Amino acid sequence: MSNKLNWPTLAGMVGLSLTACKILPTPSGENGGNAPAFNPDKMVEEIWAAKVIPYLQQKAGPFAEVHALAKTDPAAAGAKYGNPKKQANSPWTFAVRLEGKIVAANTQSRAATVDVDADGDGKADARVQIGPAMRGTALRDSLDFIQFNDFTNQIDFAQFGKALNAHADKTVLSKLPREALEGRTAKILGAYTPGSGQDLPLVTPAEAEIGPKP
Amino acid sequence: MKLTRRMTLAAFAGMLALGTAAPAYAADLIAIITPSHDNPFFKAEAVGAEAKAKELGYETLVLVHDDDASKQSQLIDTAIGRGAKAIILDNAGADATVAAVQKAKDAGVPSFLIDREINATGVAVAQIVSNNYQGAQLGAQEFVKLMGEKGNYVELVGKESDTNAGIRSKGYHDVIDEYPDLKMVAQQSANWSQTEAYSKMESILQANPDIKGVISGNDTMAMGAWAALEAAGRKDVIVVGFDGSNDVRDSIKAGGIKATVLQPAYAQAQMAVEQADAFIKNKKSPAEEKQLMDCVLINGDNAAKLETFALTN
């Protein structure tokens, strides 16, 4: 701190004593020497309500429709519900709305989930992450205004994805009930990346409501 | 200094001019520079790139820099000197490589990077890298599941100069650290080396006999760790690697190592050559310089489909 205070004085002295000299710009002033440090949590806070939620609301389709189209014609599903600016080699990530009944819950794991039956056949159609530990970067990958090339490197890009999940957990998921979830209704706005395995599609919510006990 | 540089450039330009004046039947050359082929991952890259280059009618110059930045610089000089039309490069250091790639660019030779990023954009034409962070998260999630979300574990970290060592470690911890009952009792670098991982694992095991799992920054270190655990009669320890090598595939099938994460090395190298070809023939650059390729979790369910860093259907 005391060092910092001394700099202007020092600079003043140097300036006075070298008045005849040509002043050259200091290199540190050129390329954003005091650019703010990367703060993904703050970035997310600034865009969450203003951009993320409106984008998902406008882009999301009903889960059953999205999932059916994703199976038969991924490119068409991508054009409609996906992020057209995604990395060429990445799989599509789709924005979805999911409404239905919770038929199973795993709240033992820190990566807690509920399985939701959307079509009323009694069988789960999708698995929804309810935190606090969350997997993947589906929220990030669904947003067309977020590009990998805008970040310095993979780590910053990844931290941003994690910050989105953390924000959803902090503001929405941590407030959801954890007990006696089976039989309740669930209403989700979020995103998912279809997997190749036999596991249920894993939806990451940006908004979530769980109804009262039946 | 500046004068010498100009003269060198003029000399290069002269050589390039000679190159173009050469008879038309001489095929264009693509240089393929990677770390040592001792690690099958880098070998798969070189083989994949070479096969694609030949298929597209190029001659190839395959070189290894052994993760030595000054050797890499010499090899790039060689590629420029031989009149290469493009360089496919898995580089020897995110910072040290920037100048070498710039040197090639100044001499009119475009570089197409694979596997590892460099800390600059606008120097290489393309940087096609595995999404190491996404892959590390896949590996860590599987590790957490196998560990039952609790217990003591060890992390083996890769070579410090390689950005991927740090990215993978960060990806691992972003997942694992969310589980307070998982405790890291040792974290050491074994520099991507199998023999080093073996000896490090031996001593870690002596100091921490109560470990339940080992998460490793790559497959060669996972193989070394597994050999040490096996020799100590500790086949109960859960080991997870990264790369998707045939060695680890065989270990998974035999019930040894539990999982790894496949980086599509072969496909990545081929894609780099395709982009180089488009650039050479039509001056067409890829839409984005930095391109990420997703990794795939390999465990007992799909190990049988893995062959030379590619999944068959």
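Annotations
- Meets criteria (within 14 Å of chain A (Cβ to nearest Cβ), free of Cβ contacts under 8 Å to residues at least 40 places away in the same chain and more than 15 Å from B:GLU289 (Cβ to Cβ)) for B:GLU149: yes
- Segment A:102-142, subset among the basic types (Lys, Arg) and away from chain B (no Cβ under 12 Å), residue surrounded by the most Cβ atoms within 10 Å (Cβ to Cβ): A:ARG127
- Residues that are part of a strand (DSSP E or B) and of a type in the set (S, T, N, Q) were ranked within segment B:170-197; the one that is nearest to B:THR220 (Cα to Cα) is B:SER189.
- Cβ-Cβ under 6 Å pairs, at least 6 apart or on other chains, segment B:211-240 side over 15 Å from B:SER193 (Cα atoms), far side among the polar types (S, T, N, Q): B:ILE211/B:ASN152; B:LYS212/B:ASN152
- Cβ separations smaller than 7 Å between residues 6+ apart or across chains give the following pairs from segment A:173-188 residues that are of a type in the set (Gly, Ala, Ser) to residues that are part of a loop (DSSP other than H, G, I, E, B): A:ALA180/A:LYS213; A:GLY183/A:PRO214.
- Just one of the listed residues (B:ALA227, B:ALA276) is farther than 30 Å from A:THR193 by Cα, assigned by TED's automatic domain parsing to the domain that holds B:LYS150 and small (Gly, Ala, Ser), and it is B:ALA227.
- Enumeration of residues in segment B:115-141 that are more than 11 Å from chain A (Cβ to nearest Cβ) and not in a loop (DSSP other than H, G, I, E, B): B:ALA126, B:GLY139
- Here A:HIS167 fulfils each of the conditions (1) out of contact with any strand residue (DSSP E or B) (no Cβ under 6 Å at 6 or more places or on another chain); (2) surrounded by 15 or more Cβ atoms within 10 Å (Cβ to Cβ); (3) within 13 Å of chain B (Cβ to nearest Cβ); (4) touching a residue at least 60 places away in the same chain (Cβ under 8 Å) apart from (3).
- Test: residue in segment A:71-87 that is at pLDDT 50 or above, farther than 18 Å from A:LEU143 by Cβ, crowded, with 16+ Cβ neighbours inside 10 Å and more than 16 Å from the chain's Cα centre (by Cα): no
- For the condition outside the structural domain of B:ASP90 (by TED's automatic domain parsing), crowded, with 22+ Cβ neighbours inside 10 Å and among the small types (Gly, Ala, Ser), B:ALA197 qualifies.
- Under the condition of being in contact with a Lys or Arg (Cβ under 6 Å, 6 or more places away or on another chain) and either more than 20 Å from B:GLN263 (Cβ to Cβ) or of a type in the set (A, V, I, L, M, F, W, C) (or both), the residues counted in segment B:183-209 number 3.
- Within segment B:250-308, the set of residues being over 21 Å from B:ILE114 (Cα atoms), of a type in the set (D, E, K, R) and more than 13 Å from every other protein chain (Cβ to nearest Cβ) comprises B:ASP250, B:LYS253, B:LYS258.
- Filtering B:ILE252, B:ILE167 for residues that are touching a residue at least 12 places away in the same chain (Cβ under 8 Å), within 21 Å of the chain's Cα centre (by Cα), surrounded by 18 or more Cβ atoms within 10 Å (Cβ to Cβ) and not in a loop (DSSP other than H, G, I, E, B) leaves a single hit, B:ILE167.
The values are calculated or read from the model by the stated rules, or taken from the named source; none is laboratory data. Computed from a prediction, not measured in an experiment: that's the story for all the values here. Virtual Cβ from ideal backbone geometry, glycine too; neighbours counted across all protein chains shown.
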